[in-house]
Amino acid sequence: LKVSLLLLILIILPLLSIRTFVRLGDWKNSLTLYKHDREVTESYLLENAYGYELMQRNDILHAYPPLVRSIQLFETTNNTNTLGVYYFTAHKIPEAIKWMDRSTEMGDNFLSYSNLARIYLQEKSYDKAQEVLETATQKFPQSDALWYLLALTYYQRGDTVGALIASEKAYTLSPTPDNYYMYNQLRIG
């Protein structure tokens, strides 16, 4: 039994080592790895990662097909949010809102709420930003970033009391310089 186990290990170990070296050859950076892997495996995760990596490299034209393919393979809150980010990057705000909103409807994805709220803030749609952020802070009450955005939203709507409460919550959760500055500015009026 020991001899057969030893022989098995002596056969398998070199094979696994060869496979490891072959796999290392696939790696130059994340983009090349995703590109290689999506040619041999059909995966919504790989398509989404590849499309996102292309966006990160400002290759917007080539990012779109894998992002759509990811959703065609299996729609998730993550890949719908990524498609929303694509549309935002491409300056197609209505489509960005549509996909990020869809992402929030599908599940509790922190990034979807944050991204959607930021778009509404940028577009000066403060009522919609407030609605998204009030929901988001209930789902993610420990996120200082969401409380910070909610404070900005309240402030833009003229609700200084709400802004002060939200900024205090952000600062209490994470006493960063930005959170302190906002809270202090609202506190001293």
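The values are calculated or read from the model by the stated rules, or taken from the named source; none is laboratory data. No experiment lies behind these values; they were computed from the predicted model shown. Glycine gets a Cβ as well: all are built from the backbone with ideal geometry, and neighbour counts include every protein chain shown. Accessible surface areas use protein heavy atoms only, side chains included; no ligands, DNA or RNA. Shrake-Rupley method; radii C 1.70, N 1.55, O 1.52, S 1.80 Å.
Within the stretch 122-137, not a single residue is in contact with an Asp or Glu (Cβ under 7 Å, 6 or more places away or on another chain) and open to solvent by less than 70 Å² (accessible area, probe 1.4 Å).
For the stretch 81-101, state whether one or more residues are over 24 Å from GLU123 (Cα atoms), touching a residue at least 24 places away in the same chain (Cβ under 8 Å) and surrounded by 18 or more Cβ atoms within 10 Å (Cβ to Cβ). Lay out the reasoning, then the answer.
Restricting attention to the stretch 81-101, the residues satisfying the condition of being over 24 Å from GLU123 (Cα atoms) are none.
No: the stretch 81-101 contains no residue that is over 24 Å from GLU123 (Cα atoms), touching a residue at least 24 places away in the same chain (Cβ under 8 Å) and surrounded by 18 or more Cβ atoms within 10 Å (Cβ to Cβ).
Within the stretch 65-80, being more than 24 Å from PRO141 (Cα to Cα), touching a helix residue (DSSP H, G or I) at 6+ places or on another chain (Cβ under 7 Å), part of a helix (DSSP H, G or I) and open to solvent by 50 Å² or more (accessible area, probe 1.4 Å) holds for ARG69, LEU73.
Of the residues in the stretch 24-44, none is open to solvent by 100 Å² or more (accessible area, probe 1.4 Å), touching a residue at least 24 places away in the same chain (Cβ under 8 Å) and not acidic (Asp, Glu).
I need the helices (runs of 4 or more DSSP H) fully contained in the stretch 85-189, keeping only those with at least 1 residues that are basic (Lys, Arg).
Numbers: elements: 93-106, 110-122, 126-139, 144-156, 160-173, 177-188.
Because the criterion is at least 1 residues that are basic (Lys, Arg), the helices (runs of 4 or more DSSP H) in the stretch 85-189 that meet it are 93-106, 110-122, 126-139, 160-173, 177-188.
Across the stretch 56-78, the number of residues qualifying as without any contact (Cβ under 8 Å) to a residue 12 or more places away in the chain and within 16 Å of LEU111 (Cβ to Cβ) comes to 1. Restricting ALA117, ALA145, ALA170, ALA166 to those that are more than 28 Å from ILE60 (Cα to Cα) and either surrounded by fewer than 21 Cβ atoms within 10 Å (Cβ to Cβ) or touching a Leu at 6+ places or on another chain (Cβ under 7 Å) (or both) reduces the list to ALA166.
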